[in-house]
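The values are calculated or read from the model by the stated rules, or taken from the named source; none is laboratory data. Only a predicted model underlies this, so the values are computations on that prediction, with no experimental measurement involved. When we count neighbours, we look across all protein chains shown, and the Cβ atoms used for this are built from the backbone with ideal geometry, even at glycine.
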Amino acid sequence: MSLSGRHLLGMYNVPKNDIQLILDTAITFKEVLDRPIKRVPTLQGKTIVNLFYENSTRTRISFELAEKRLSADALNFSVSTSSVSKGESFKDTIKNIEAMKVDMIVVRHAAAGVPYYLTQISDSNVINAGDGIHEHPTQALLDMYSIREKLGKLEGIKVCIVGDIAHSRVALSNIYGLKTMGAEVSVCGPSTMIPKFIEELGVKAIHNIDEAIQENDVLNILRIQLERKAREYFPSIREYQRYFGITEARLNKNGKDILILHPGPINRGVEISSEVADGPYQIILNQVTNGVAVRMAVLYLLGTQN
């Protein structure tokens, strides 16, 4: 079996069979990560460029590790030490990289639509590692894998995404992917952070965090992006934490055994307390481990297409 397309640009309109194939393939690669020798020769001879125009820790390292576990040659592009700092255009940068005979490009960029544009000027397989506030498909895939691993299924599971929905690429990819797989999706956060027409995507908007906890099986808590002026959308950090922060006391008050996800990095004491971040309900570090397996699956399925 193979994926229906040459690229992974987002979760929008990705067929259910493709998602199922990626998640099932990731199971095999997670087993590889538990072996003494955590490497397979699957992509030996393939060259993959990690083209990151934005800072990243988890996503960049996860992709690089996934590539090395598959025996591919991984090259990391740094904007600060490249000709971009001398004024070279994005198109010229890509053309020069591709002239070195690369096979796949993993790209993260602050501008939405860059991965799609890349497919128009490049012959390489393209994987979106996050483009602006548009999408982050591999994060959604690892979130879905983590939920399915823990709860045994996705269909019928009630998932609430909490936080700045309007400016989150993680939220949008999760909404598309989870809905495709039959989950019931809701969002929760300040009204200033919930898109006006969000319900047109088939999700429910909730503005009370206690209601969100009571109604759902899973909370996927988004990081408040303080570096992107997110604090302009609520009066203060203390105010946000009071009304939407996930704390141990709040979970205990609602008496709910609920699964806690977070894409990281965590703002402890803002969107989530340390007690919850380190507590029994969360699977945050499982998500990180699963991210390597899921990205191995995506790289393998795209890299071995005829």
Wholly inside segment 29-116, strands (runs of 3 or more DSSP E) that include 2 or more residues that are touching a residue at least 40 places away in the same chain (Cβ under 8 Å) and not aromatic (Phe, Trp, Tyr) are 47-52, 104-109
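Only one residue in Val14, Val32 is over 23 Å from Arg169 (Cα atoms), modelled with pLDDT of 95 or more, among the β-branched types (Val, Ile, Thr) and surrounded by 14 or more Cβ atoms within 10 Å (Cβ to Cβ). Which one? Working first, answer last.
Working: Val14 fails: over 23 Å from Arg169 (Cα atoms).
From the options Val14, Val32, the qualifying one is Val32.
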Here the residues within segment 155-168 that are modelled with pLDDT of 95 or more and farther than 15 Å from Ser186 by Cβ are Glu155
Whichever residue in segment 59-104 is closer than 18 Å to Tyr300 by Cα and of a type in the set (Asp, Glu) and, among such residues, is surrounded by the most Cβ atoms within 10 Å (Cβ to Cβ): Glu67
Could you list, in sequence order, the residues of segment 30-50 that are within 17 Å of Tyr145 (Cα to Cα) and in contact with a Ser or Thr (Cβ under 9 Å, 6 or more places away or on another chain)? Lys30, Leu33
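At least 3 residues that are closer than 30 Å to Phe63 by Cβ and touching a residue at least 60 places away in the same chain (Cβ under 8 Å) in each: list the helices (runs of 4 or more DSSP H) lying fully within segment 205-306 that qualify.
On the way: elements: 209-215, 237-244, 248-254, 274-277, 284-303.
Filter on segment 205-306 gives 284-303.
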Is it true that some residue in segment 280-299 is surrounded by 21 or more Cβ atoms within 10 Å (Cβ to Cβ) and over 20 Å from the mean Cα position of the chain (by Cα)? no
